[in-house]
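Undergrad: Have a look at the structure that comes next, please.
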Protein chains: 4
Amino acid sequence: MKDLRIGMIGYGFMGRAHSNAYAKVNHFFDLPYRAVLKAACARDKEKVDAFAKQWGYESVETDWKKLIERKDIDAIDICTPNNTHKEMALAAAKAGKMILCEKPLSMNAAEGEEMCQAVEKAGVKNMVWYNYRRVPAVTFAKQLIDEGKLGRIFHFRAKFLQDWTISADLPQGGAGLWRLDVGAAGSGVTGDLLAHCIDTALWLNGGIKSVSGMTETFIKERKHTLSGKVEKVGIDDACAFLARFDNGSLATFESTRYARGHKALYTFEINGEHASIAWDLHDLHRLQYFDHRDEGPLRGWRSIHITDGDHPYMKHWWVPGLQIGYEHSFVHQVADFIESIDGKQAAQPDFRSAQETQKVCDAVLNSAKSGKWESAK
Amino acid sequence: MKDLRIGMIGYGFMGRAHSNAYAKVNHFFDLPYRAVLKAACARDKEKVDAFAKQWGYESVETDWKKLIERKDIDAIDICTPNNTHKEMALAAAKAGKMILCEKPLSMNAAEGEEMCQAVEKAGVKNMVWYNYRRVPAVTFAKQLIDEGKLGRIFHFRAKFLQDWTISADLPQGGAGLWRLDVGAAGSGVTGDLLAHCIDTALWLNGGIKSVSGMTETFIKERKHTLSGKVEKVGIDDACAFLARFDNGSLATFESTRYARGHKALYTFEINGEHASIAWDLHDLHRLQYFDHRDEGPLRGWRSIHITDGDHPYMKHWWVPGLQIGYEHSFVHQVADFIESIDGKQAAQPDFRSAQETQKVCDAVLNSAKSGKWESAK
Amino acid sequence: MKDLRIGMIGYGFMGRAHSNAYAKVNHFFDLPYRAVLKAACARDKEKVDAFAKQWGYESVETDWKKLIERKDIDAIDICTPNNTHKEMALAAAKAGKMILCEKPLSMNAAEGEEMCQAVEKAGVKNMVWYNYRRVPAVTFAKQLIDEGKLGRIFHFRAKFLQDWTISADLPQGGAGLWRLDVGAAGSGVTGDLLAHCIDTALWLNGGIKSVSGMTETFIKERKHTLSGKVEKVGIDDACAFLARFDNGSLATFESTRYARGHKALYTFEINGEHASIAWDLHDLHRLQYFDHRDEGPLRGWRSIHITDGDHPYMKHWWVPGLQIGYEHSFVHQVADFIESIDGKQAAQPDFRSAQETQKVCDAVLNSAKSGKWESAK
Amino acid sequence: MKDLRIGMIGYGFMGRAHSNAYAKVNHFFDLPYRAVLKAACARDKEKVDAFAKQWGYESVETDWKKLIERKDIDAIDICTPNNTHKEMALAAAKAGKMILCEKPLSMNAAEGEEMCQAVEKAGVKNMVWYNYRRVPAVTFAKQLIDEGKLGRIFHFRAKFLQDWTISADLPQGGAGLWRLDVGAAGSGVTGDLLAHCIDTALWLNGGIKSVSGMTETFIKERKHTLSGKVEKVGIDDACAFLARFDNGSLATFESTRYARGHKALYTFEINGEHASIAWDLHDLHRLQYFDHRDEGPLRGWRSIHITDGDHPYMKHWWVPGLQIGYEHSFVHQVADFIESIDGKQAAQPDFRSAQETQKVCDAVLNSAKSGKWESAK
């Protein structure tokens, strides 16, 4: 078994989620590479030292450029705010490193295109952490669609609802709050939450043709942590859009951080000619399924407990009935990435695939400004 | 269309439920008889007048014996406390009237046996208002079992949970509270709630062989409304029992009025070799169904919305998706009773069938006293 | 108690629902008027005779104009296809009759305006059958909002999903299918289903400022029952729209008859600063409620079983825990209408209120054509 | 940070669950000891080598007695069939090792008593892996009860339902199937599943006074993997019992491997004077809570998503809304064990606490034979 030596940039929420995935993956999956936590990198020496110790990273760096130059690193994992992705990815590609980049790929589609071209030119393996594709219930949904179980698709609807920014006292920017700072995040819920919905939608239901969007910033001014002053809020607090897919189906998408009672309620539902499926992140281990081909009076929505050995990824875990959680989606993504290293097929979504999501996000934000339908191509 | 002239004794909760059933049934069902609200009877003239006016009864009586003697009455409906059922039923049978008796049939199995013999001797149509058999989801469950969809049955479990007597300030006896008075009710939750569970169980799963029961009276003394004094409480506040059915399946039953948060949560579940079903009264328009013969990874509990035209009784009501409620079970029971009048098959449960429930209740209460398993035959 | 003599036009699904309401209302509510089923009217003599017999109408008419002229009729109930509402309502207003008109009010806002002016000029009581306002859970939602329990509203979302027109073999037009015929219905799901969602939304959340809509007709041609030929389908099979309310909240609305697995799934959710509520028609006896003011770790969505005596309308029915169904919303509406007859306040929604819904429907359909946001005022 | 050097005996389902806990615990919890996977032990050299490699154990043993004698091991983890627990535990205690023993503690209460005395005499830290106490929702339930949120308890009910042994073709005994072999397991569902329910019940609701039990073996004979012959099945396939607790509450317990549709449905519900709670293992990240002190018409069962930082253990994991799974209960148990090492309070349940469960199990099995109520003390 060969080593896959990871160089991690960032130590926040995603830094932990990815580190956990690397630490666990070889316990549960038989793979051609062993993930090795080679080096952790962040500007703050004390914090990165503590992080490295907690997770067992063999070394630390405080300058990401140095990390990228190291010969004993095979892959760079970018877990920093969105406004840093491009520069790091371009440098890592140039250095010939594999890249695992946190989502969204970039601040916008223009940046994304640069990044795609960089990795394609360099010929390095690359992937974006749209982890929800690998929640077993979601992967299973993809299988059902690909098998034709649903038939012609009429409707797709997705939402990602949170409620953590309702208080006007919450500042923008700084540790843990950079997602509220348009300078660091590029957009609000569109890049943070809808990007997840869009990635899954494109994967499950194909390309989006056009969109009509609407955004709102409910709290217009917040104290900025970095400047210490009250500043205009530049992000979108909420965003909803209508869409038409290439396959003729209609869609509604919505995201907000002002939906009281929902912490991370990512949901989607797909209605097909023969069957429908629905899923949500608050009960991520279940898939709802309705099949019109069932015997008439016995038709009903099935609540499938996705914990059996014949459900995607589940044979690697426990026994039927025992659920896994959020973090496992990252383990699955690492497993698939490692499986792909020596193969020809890229683990998905790669940068090029994630760039499609950037285009839709741009179209949505443009439409919200123009008041018109915009092409998402 | 002939008339079925009803003489109603009692005007309480059940008096209203039955009256509503008679008033509605011919609007929704095509039947050989038209239910006619001929006379209402109760001791309190003022109250029975008001009741008759509200429901459109053509006349009133204040002496049930007179009602029973009237020539223009075809059927007597007994909606009075349990300790009056026997005397009324015996008189009505003697007078050659059809009898529709509120459940439980009687104070105990000995009384029930007298009543059975009386109606059988008189050859009058008779029925007991175990209305839950005719909630469409429950009737559908019966069909599925009879079709063999479940295969060999391993388990039956039923509960009826309420929480309305937790306060020690609630008196026993008197209007609306006779169910707490052992003199009027015979027993507490056993005759009131478990009787429903047992009736359904016998219908769905066959005879009960033996039981081991436990009862408890949590509030030992309550003011008695009639005497005005604090008196010992004679009823069982809670009762649970284990049972073995003739078909080899095992069962648990439980009932209480001390289950905080449940108003009328009657639930049952049946586990068979091939399939399982579950139902509850708080969402009476749904049936939960699991079929092991479904394709492996797609197996799940189906939540069947029992509102389609091919579900029992539902073609008589609205359109798919639109639910009916509690009261409709009584309408169905009247419809079936009317259908049975000119036929040879009695509408079920008749007295003889309801007497089986009395036997099980007696066995449970006896077991709770003896601390041993008791035969329910 | 005075009589309210009803003249019913139409005998279909709604004719039955309204008749049942008139027949039941005085059994459960103490009211100043008794609803009397005076006359039923339809062109087909045989059918209207059968209908009148089933429901106990005292007489029949085959010409609605004659019905409207009758002196012994106080109120006209219009249960015919949408393209007849205006003419009938204008005539009834002229004749000085009260009018209870099935929804939607009209084919479009222009017609609606004529109707409003007619009843206002005539000074007759008028009401439109948006029955869902009087599902107790929905009425309770209104109370909670009016009490300020939710605080500032951020989001409203509503859907009405059905699946009964997926088959291409279904014809358009004719008995039971006029809702597929644009000539009779005016529009498809917009007027049929979204109109319900919009009426409730306006009632709960105030006026809608502007909308961006999208419609689709999935099956482009269907056999027309009346002509016997395959004809272009003129209705919208599906419609979704974004909206901005006067109170600053954002909304998504969606309706379709192509959502496999949903029969009549009308749902709405409202997210406020302090609390959120959600409801759906498939479990109409429940209200979901989340209150952020609950003790932190104990916060959760409450599933409130709307069957207690202190829930709207429920003291008139059974006991806690026992649910009512779809039909009861019509009973409540009749009860409120009767209460309003001698008062100054109109039972809502009256024509003028229902006209607001027509305006939103028109704006949505216009936006779907123009590809732009349209004012809903 | 000191090392806690683990010697693991067994490599099955529980061997993996415990190993994962040791491997993860220091990534998420700040603890005084670091769990070190020192040695894995099993008779089959090839299998234990593979297991050790997968999990990173530093060494292997094939003789558990040798493992126990090793000076570089601090704690012995017993993950072997029930019939080996006693001998291993006695030896480990004698060798002065801490012991973490898989549940149930022993084959019966007599063995359990020997084990308790051995660890108490040796003064070694000891714990039994009743992991469900540390599912955050269950721990939270304990907190609520201890705070008095529920008030006087009236009812406790628990079930553990599975369906994996319905096929008569399943053999008894051998790898993965020793739970069907009475010689290895001691009992069937009683020791395997009900033991979990009883442990939680005793923890949440105090001591059990007496029980009335019933057992059944549905499939009477199965091929024995070891002998190759069809042999009588000695275990209980299903077991249910009634119980009375010291606090006066009534209980029902049930367990089976013949409940079609349920994989590992461990559920419990507790009804108190003021509030009730319910939980189930199929959605282990939720707690259902009803509080009668809520404002009347707003009372409802709350579905609490146990993912907030103020829920037990959850601040160590991700962010609100993101659920953890089954395996995390083991991580929590290791964390608590490690915290307890240098303290005076034993991490619970220790052997003495787990012995109480053995006594109840014995009483249940005795009652099932005697047909009488038996003391559980």
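The values are calculated or read from the model by the stated rules, or taken from the named source; none is laboratory data. Remember, predicted model here, so these are calculated numbers, not experimental data. Every residue, glycine as well, gets a Cβ built from its backbone with ideal geometry; the counts of neighbours run over all protein chains shown. Side chains are part of the model used for accessible areas, which takes the heavy atoms of the whole protein and leaves out ligands, DNA and RNA. Shrake-Rupley method; radii C 1.70, N 1.55, O 1.52, S 1.80 Å.
Undergrad: So which of C:Ser367, C:Ser375 is crowded, with 18+ Cβ neighbours inside 10 Å and either among the polar types (S, T, N, Q) or at pLDDT below 95 (or both)?
TA: Within the list C:Ser367, C:Ser375, the selection yields C:Ser367.
Undergrad: When the stretch C:62-90 is examined, which residues are found to be open to solvent by 30 Å² or more (accessible area, probe 1.4 Å) and assigned to a helix (DSSP H, G or I)?
TA: Answer for the stretch C:62-90, where residues must be open to solvent by 30 Å² or more (accessible area, probe 1.4 Å) and assigned to a helix (DSSP H, G or I): C:Trp64, C:Lys65, C:Lys66, C:Glu69, C:Asn83, C:Thr84, C:Lys86, C:Glu87, C:Leu90.
Undergrad: When you check D:Ala259 against the structure, is it open to solvent by less than 10 Å² (accessible area, probe 1.4 Å), in a strand (DSSP E or B) and either touching a residue at least 40 places away in the same chain (Cβ under 8 Å) or not basic (Lys, Arg) (or both), yes or no? Break it down into steps so the answer makes sense when it comes.
TA: Values: open to solvent by less than 10 Å² (accessible area, probe 1.4 Å): yes; in a strand (DSSP E or B): no; either touching a residue at least 40 places away in the same chain (Cβ under 8 Å) or not basic (Lys, Arg) (or both): yes.
The answer is no for D:Ala259.
Undergrad: Taking A:Asp342 as the residue in question, decide whether it is surrounded by fewer than 24 Cβ atoms within 10 Å (Cβ to Cβ), within 14 Å of chain D (Cβ to nearest Cβ) and either at pLDDT below 95 or assigned to a loop (DSSP other than H, G, I, E, B) (or both).
TA: So A:Asp342 fails the test.
Undergrad: Would you mind telling me which numbered condition in (1) out of contact with any strand residue (DSSP E or B) (no Cβ under 9 Å at 6 or more places or on another chain); (2) closer than 22 Å to C:Ala158 by Cα; (3) not charged (D, E, K, R) C:Trp317 fails?
TA: The number of the failed condition is (2).
Undergrad: Determine which single condition A:Leu170 fails, assuming it passes every other condition in (1) within 21 Å of the chain's Cα centre (by Cα); (2) over 30 Å from C:Ser255 (Cα atoms).
TA: Every condition holds for A:Leu170 apart from (1).
Undergrad: Going by the conditions given, is A:Lys229 over 27 Å from A:Ala168 (Cα atoms) and basic (Lys, Arg)?
TA: Considered against the rule, which asks whether it is over 27 Å from A:Ala168 (Cα atoms) and basic (Lys, Arg), A:Lys229 comes out as no.
Undergrad: Another one. Working only within the stretch A:45-61, note down all residues that are in contact (Cβ under 8 Å) with a residue 12 or more places away in the chain and either closer than 19 Å to A:Met14 by Cβ or open to solvent by 60 Å² or more (accessible area, probe 1.4 Å) (or both). Even if it seems obvious, please write down each step before you answer.
TA: Of the stretch A:45-61, the ones in contact (Cβ under 8 Å) with a residue 12 or more places away in the chain are A:45, A:47-48, A:51-52, A:55-61.
Correct list: A:Lys45, A:Lys47, A:Val48, A:Phe51, A:Ala52, A:Trp55, A:Gly56, A:Tyr57, A:Glu58, A:Val60, A:Glu61.
Undergrad: Here are the criteria: (1) hydrophobic (A, V, I, L, M, F, W, C); (2) open to solvent by 20 Å² or more (accessible area, probe 1.4 Å); (3) touching a residue at least 40 places away in the same chain (Cβ under 8 Å). Tell me which single one B:Trp301 does not satisfy.
TA: That leaves (3) as the condition not met.
Undergrad: Kindly indicate whether C:Gly321 is in contact with a Lys or Arg (Cβ under 6 Å, 6 or more places away or on another chain), within 14 Å of chain B (Cβ to nearest Cβ) and open to solvent by less than 10 Å² (accessible area, probe 1.4 Å).
TA: Here the answer is yes, as C:Gly321 does meet what is asked.
Undergrad: Name the one entry in B:His332, B:His311 that is assigned to a loop (DSSP other than H, G, I, E, B), open to solvent by less than 10 Å² (accessible area, probe 1.4 Å) and touching a Pro at 6+ places or on another chain (Cβ under 9 Å).
TA: Values: B:His332 fails: assigned to a loop (DSSP other than H, G, I, E, B).
Sole residue among the options that is assigned to a loop (DSSP other than H, G, I, E, B), open to solvent by less than 10 Å² (accessible area, probe 1.4 Å) and touching a Pro at 6+ places or on another chain (Cβ under 9 Å): B:His311.
Undergrad: May I ask you to list the residues in the stretch C:19-36 that are assigned to a helix (DSSP H, G or I) and either away from chain B (no Cβ under 11 Å) or of a type outside the set (S, T, N, Q) (or both)?
TA: C:Ala21, C:Tyr22, C:Ala23, C:Lys24, C:Val25, C:His27, C:Phe28
Undergrad: Hey, among the residues in the stretch A:262-289 that are more than 14 Å from A:Arg302 (Cα to Cα) and open to solvent by less than 10 Å² (accessible area, probe 1.4 Å), which one's nearest to the other protein chains (Cβ to nearest Cβ)?
TA: A:Ala264
Undergrad: What is the number of the single condition among (1) facing another protein chain (nearest Cβ under 8 Å); (2) farther than 17 Å from D:Arg134 by Cβ; (3) touching a Phe, Trp or Tyr at 6+ places or on another chain (Cβ under 6 Å) that D:His305 does not meet?
TA: With respect to (1) facing another protein chain (nearest Cβ under 8 Å); (2) farther than 17 Å from D:Arg134 by Cβ; (3) touching a Phe, Trp or Tyr at 6+ places or on another chain (Cβ under 6 Å), D:His305 is out only on (3).
Undergrad: So which residues in the stretch C:144-165 are not acidic (Asp, Glu) and not in a loop (DSSP other than H, G, I, E, B)?
TA: Listed by number, the residues that qualify are C:Leu144, C:Ile145, C:Ile153, C:Phe154, C:His155, C:Phe156, C:Arg157, C:Ala158, C:Lys159, C:Phe160, C:Leu161.
Undergrad: Could I ask something else about it? Being more than 30 Å from B:Pro136 (Cβ to Cβ), of a type in the set (Val, Ile, Thr) and within 7 Å of another protein chain (Cβ to nearest Cβ): is that true of A:Thr215 here?
TA: no
Undergrad: Report, by residue number, each residue of the stretch A:186-216 that is in contact with a Lys or Arg (Cβ under 9 Å, 6 or more places away or on another chain) and either modelled with pLDDT under 95 or of a type in the set (S, T, N, Q) (or both).
TA: Matches in the stretch A:186-216: A:Thr200, A:Ser210, A:Ser212, A:Thr215.
Undergrad: Here are some residues: C:Gly371, C:Gly296, C:Gly325, C:Gly343. Which one is touching a Leu at 6+ places or on another chain (Cβ under 8 Å), small (Gly, Ala, Ser) and either free of Cβ contacts under 8 Å to residues at least 60 places away in the same chain or within 30 Å of B:Phe13 (Cα to Cα) (or both)?
TA: C:Gly325
Undergrad: Looking only at residues that are of a type in the set (Val, Ile, Thr) and in a strand (DSSP E or B) in the stretch A:91-130, which one is nearest to the chain's Cα centre (by Cα)? Steps first, answer last, please.
TA: Step one: list which residues in the stretch A:91-130 are of a type in the set (Val, Ile, Thr), which gives A:99, A:119, A:124, A:128.
So of that shortlist, the ones also in a strand (DSSP E or B) come out as A:99, A:128.
Numbers: A:Ile99: 15, A:Val128: 7 Å.
Only one residue fits best here, namely A:Val128.
Undergrad: Could you tell me which residue of the stretch A:131-163 is most open to solvent (accessible area, probe 1.4 Å), considering only residues that are touching a residue at least 40 places away in the same chain (Cβ under 8 Å), more than 21 Å from the chain's Cα centre (by Cα) and more than 20 Å from A:Met314 (Cα to Cα)?
TA: Checked the stretch A:131-163; the qualifying residue most open to solvent (accessible area, probe 1.4 Å) is A:Arg152.
Undergrad: Given the criterion part of a loop (DSSP other than H, G, I, E, B) and touching a residue at least 60 places away in the same chain (Cβ under 8 Å), identify the matching residue among D:Ser227, D:Ser187.
TA: D:Ser187
Undergrad: What are the residues in the stretch D:37-71 that are within 14 Å of chain A (Cβ to nearest Cβ) and in contact with a helix residue (DSSP H, G or I) (Cβ under 8 Å, 6 or more places away or on another chain), if any? Can you show your working first?
TA: Within the stretch D:37-71, the subset within 14 Å of chain A (Cβ to nearest Cβ) is D:37, D:40, D:50-57.
D:Leu37, D:Ala40, D:Phe51, D:Gln54, D:Trp55, D:Gly56, D:Tyr57 - these are the residues of the stretch D:37-71 that are within 14 Å of chain A (Cβ to nearest Cβ) and in contact with a helix residue (DSSP H, G or I) (Cβ under 8 Å, 6 or more places away or on another chain).
Undergrad: Quick check on A:Leu204: is it more than 8 Å from every other protein chain (Cβ to nearest Cβ), part of a helix (DSSP H, G or I) and in contact with a Ser or Thr (Cβ under 7 Å, 6 or more places away or on another chain)?
TA: no
Undergrad: To continue, here is another question. Among the listed residues B:Ala168, B:Ala243, B:Ala175, identify the single one that is assigned to a loop (DSSP other than H, G, I, E, B), out of contact with any helix residue (DSSP H, G or I) (no Cβ under 7 Å at 6 or more places or on another chain), of a type in the set (Gly, Ala, Ser) and within 13 Å of another protein chain (Cβ to nearest Cβ). It would help to see each step written out before you state the result.
TA: Working: B:Ala243 fails: assigned to a loop (DSSP other than H, G, I, E, B); B:Ala175 fails: within 13 Å of another protein chain (Cβ to nearest Cβ).
Answer to the check: B:Ala168.
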